[in-house]
1. Does segment 82-100 include one or more residues that are open to solvent by 100 Å² or more (accessible area, probe 1.4 Å) and hydrophobic (A, V, I, L, M, F, W, C)?
2. Of all residues being out of contact with any helix residue (DSSP H, G or I) (no Cβ under 7 Å at 6 or more places or on another chain) and outside any helix (DSSP H, G or I) in segment 51-65, which is least open to solvent (accessible area, probe 1.4 Å)? Just the residue, please.
3. Is segment 30-50 home to any residue that is more than 20 Å from Val100 (Cβ to Cβ), surrounded by 16 or more Cβ atoms within 10 Å (Cβ to Cβ) and of a type outside the set (Lys, Arg)?
4. Of the conditions (1) assigned to a loop (DSSP other than H, G, I, E, B); (2) surrounded by fewer than 17 Cβ atoms within 10 Å (Cβ to Cβ); (3) at pLDDT 85 or above, Arg23 satisfies every one except a single condition; which number is it?
5. Take Cys76 and tell me if it is within 14 Å of Val92 (Cβ to Cβ), at pLDDT 85 or above and part of a helix (DSSP H, G or I).
Amino acid sequence: MARAGCTATLTATLGEVVDPAQRSDDYTVRLRSDLKPAEWRPLVADAAQRICLPEVSSRALAGLKCSAALPRRLACATLAARLTDVPGALAVLEEPVRFVVLTR
């Protein structure tokens, strides 16, 4: 089962296919509405080799107890590492993919 760290890691890693106007949650990552199934595989083929740490919001940084004692860059890196789930993201990337297109 995916969790927030996994979806945050996937969102950061798959930036070119993620819809920037949508927020990810603990269970889903919203893809661009114009993404075609044929475009998916080439865009994510090397994703496992380029896992990225999620971006850290100012609000999340303010909630880090030791943030005042750390340089901002180190505090961001510390929090990003806590928010990341690399094994979970890698497991999701190995799963089969099915595209469902809803029409109105």
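The values are calculated or read from the model by the stated rules, or taken from the named source; none is laboratory data. Since this is a predicted model, take the numbers as computed values, not measurements. When we count neighbours, we look across all protein chains shown, and the Cβ atoms used for this are built from the backbone with ideal geometry, even at glycine. Side chains included, ligands, DNA and RNA excluded: accessible areas come from the protein's heavy atoms. Shrake-Rupley method; radii C 1.70, N 1.55, O 1.52, S 1.80 Å.
1. So far as segment 82-100 goes, yes, one or more of its residues are open to solvent by 100 Å² or more (accessible area, probe 1.4 Å) and hydrophobic (A, V, I, L, M, F, W, C).
2. From segment 51-65, those out of contact with any helix residue (DSSP H, G or I) (no Cβ under 7 Å at 6 or more places or on another chain) are 57-59, 62-63, 65; that's our starting set.
After this cut, where a residue has to be outside any helix (DSSP H, G or I) as well, the list is 57, 65.
Working: Ser57: 62, Lys65: 199 Å².
Restricting to residues being out of contact with any helix residue (DSSP H, G or I) (no Cβ under 7 Å at 6 or more places or on another chain) and outside any helix (DSSP H, G or I), the top hit is Ser57.
3. So far as segment 30-50 goes, yes, one or more of its residues are more than 20 Å from Val100 (Cβ to Cβ), surrounded by 16 or more Cβ atoms within 10 Å (Cβ to Cβ) and of a type outside the set (Lys, Arg).
4. The single condition Arg23 does not satisfy is (3).
5. Details: within 14 Å of Val92 (Cβ to Cβ): no; at pLDDT 85 or above: yes; part of a helix (DSSP H, G or I): yes.
No; evaluated as a whole, the condition is false for this residue.
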